[in-house]
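First the structure, in the form of C-alpha cells, and then the observations on it.
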Amino acid sequence: MPGDTGLVSTVNLGMPSASVPGAVPVLAPRRPTRKIQVGKVAMGGDAPISVQSMTTTPTTDINATLQQIAELTASGCDIVRVAVPTADDAAALPAIARKSQIPVVADIHFQPKYVFAAIEAGCAGVRVNPGNIRKFDDQIKDIAQAAKDHGTALRIGVNAGSLDPRLLAKYGKATPEAMVESAIWEASLFEEHDFHDFAISVKHNDPVVMVRAYEMLSEAGDWPLHLGVTEAGPAFQGTIKSATAFGALLSKGIGDTIRVSLSAPPVEEVKVGIQILQALNLKERKLEIVSCPSCGRAQVDVYTLAERVTAGLEGLDVPLRVAVMGCVVNGPGEAREADLGVASGNGKGQIFVKGEVIKTVPEAEIVETLIEEALRIAESMQAPDGGGSGPLVTVG
C-alpha cells in the first residue's frame, strides 16, 4: 500500500444511512420523478424507496386482513394492497382503510364501479389495470375527478398477462414496447384531465423484458415507477428474479417503490424487498450477517452456526454487522472488520468486538456468546448517548 507506515489504525466509517443524501455510496443517483402522496407515504422525488406487499386473506374477512396488515407493518412494509374482486370486498374497504396503520391500496380489475367504491371508502390509493377494466378509457375523466376530490393516488398497473387485446394484436405479444405504449397512453388520458397523482408499473414475469420496459418508460416521462416482476414464482426463484431485475434498475436510479411477488407468505416479500434495498445502500442497513461460504477449510459447522446466530438475532433493529467465520484464512480479518464477530477453529472461537479480541470460548458456547454480545452492543447503541457511532473497521 503506497505510504503504508506499518501502523494499524481504527477508523469509524459509520453504518450506511439512506436518509442523509451523499452519506453512502450508491451506484447511480435517483432518477428525478414527480412526487406523489399515497396516504402518509411519499413516493417519487426525493422520498425513500418504499416497500409494498399484498394481503392473501379474503378482504371480506376484515379481522384476518387487518391482522395480516399488522404483521406486514411490523416487518417493515410501507404500503399494502388488498384485492377487491366483489361487492362484498368493496364493502369491507372502509373499515380496513380506517384501521390499517399503513396506507391501503385497493386492487381493482374488471369492474370500474369498484374503483369509485375504493375511492369513497378512503383508500390511500387504487391500482387500476387498464387492460381488463371494462371501457376503462371512457371512465378516466370521472375516475380522475373522484380521485382528485378525495386526495386518492392511483397506480396504472400494466401487466403482461392482461394487456389490451389491441396492443397484443399490434405487437404479437407482451413486448416492452407494447406495455410501455399502454402505460403512456393511459397516463396521457389522466393528464388531459389535469390528474397527476399516479404511479405506473409495467410488470412482466421475464426479468429481461421487465427491465427493458422500465428503462423505456423512465425515458418517456417523470412518473413515479412501481417496480415488480409479476408471477415471479416460489420463494427461491422469485427472490432471484426480483433481486436481478430490481438490482439492474435501481442501480441506474430507476424505481420509486417495489413489490417482490413471491408464492410465499407476504411477510417474506417484505423481507426480501428490504434486503434488496439495503444491499444497494438505498435503505439504512440493520442487522447484517457476514458468514463463510461452503469451503473445505472450515473447521466448524459454519452452516449451523450462521443459522443459529441469525435465528437468535431475528428482530434486532439496529445497524449491526456480525461476522461468523469458520477458518483461519479470512476469519480473523472479517471478524475484526465487523462490529461483532467470531473466528472459529480447533473447537473454539475467538470473539471480536469493534476489532478487538475480547475472549476465546469453546465451540459449544459461540452462539450464546455472540447473541449476548450483540444484545449488549444493541442496547448501548439505543442508549441516548450511544447511538449513531456505527461500526469500527480496522485498516492498515
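In terms of its C-alpha gyration tensor, the range 33-280 has a rounded overall shape, because the principal axis ratio a/c (a ≥ b ≥ c, square roots of the eigenvalues) stays below 1.5.
The 1.4 Å probe gives accessible areas that order R134, R376, R285, largest first, as R134, R376, R285. Charged neighbours of G76, selected by a Cβ distance under 14 Å, balance to -2 (K, R count +1; D, E count -1). Annotation: peptides 53-60, 84-91, 311-318, 252-259, ranked by per-residue average of other Cβ atoms within 10 Å with the highest first, follow the order 252-259, 53-60, 84-91, 311-318. Listed by chain and number, the lysines placed with their C-alpha closer than 22 angstrom to that of K135 are K113, K148, K170, K173, K203; residues fewer than eight positions away on the same chain are left out. Taking all protein chains into account, the per residue accessible area for the chain stands at 45 Å² (1.4 Å probe). Could you work out how far helix 235-250 tilts from the main Cα principal axis of the chain, as a 0 to 90 degree angle to the nearest 10? It is inclined by approximately 80 degrees. From helices alone, the chain scores -12500 deg cm²/dmol at 222 nm; the rule is -39500 (n - 2.57) for each run of n ≥ 4 DSSP H residues, then divide by the residue total. Charge tally around A117: other residues with Cβ under 12 Å, Lys/Arg +1 each, Asp/Glu -1 each, net -2. Near E365: Cβ cut-off under 15 Å, other residues only, Lys/Arg at +1 and Asp/Glu at -1. The net charge is -2.
Against the chain, whose longest principal axis comes from its Cα atoms, helix 366-382 is set at around 60 degrees. For the range 54-139, the square roots of the Cα gyration tensor eigenvalues, ordered a ≥ b ≥ c, give a/c of at least 1.5 with a/b greater than b/c, which places it in the prolate category. Protection proxy ranking of 119-125, 223-229, 32-38, by the mean of other Cβ atoms within 10 Å over each peptide's residues and highest first, is 223-229, 119-125, 32-38. Relative to the dominant Cα principal axis of the chain, helix 207-220 is inclined by about 70°.
For K283, the lysines whose Cα falls under 17 Å of its own Cα, not counting residues fewer than eight places away in the same chain, are K252, K271. Normalised by 2.2 N^0.38 Å, where N is the number of residues, the alpha-carbon radius of gyration of the range 113-256 equals 1.04. For the range 191-328, the share of alpha carbon pairs falling in successive 10 Å distance bins from zero is 11, 32, 30, 18, 6, 2, 0 percent.
The values are calculated or read from the model by the stated rules, or taken from the named source; none is laboratory data. Computed from a predicted structure; not experimentally measured. When we count neighbours, we look across all protein chains shown, and the Cβ atoms used for this are built from the backbone with ideal geometry, even at glycine. Accessible surface areas use protein heavy atoms only, side chains included; no ligands, DNA or RNA. Shrake-Rupley method; radii C 1.70, N 1.55, O 1.52, S 1.80 Å.
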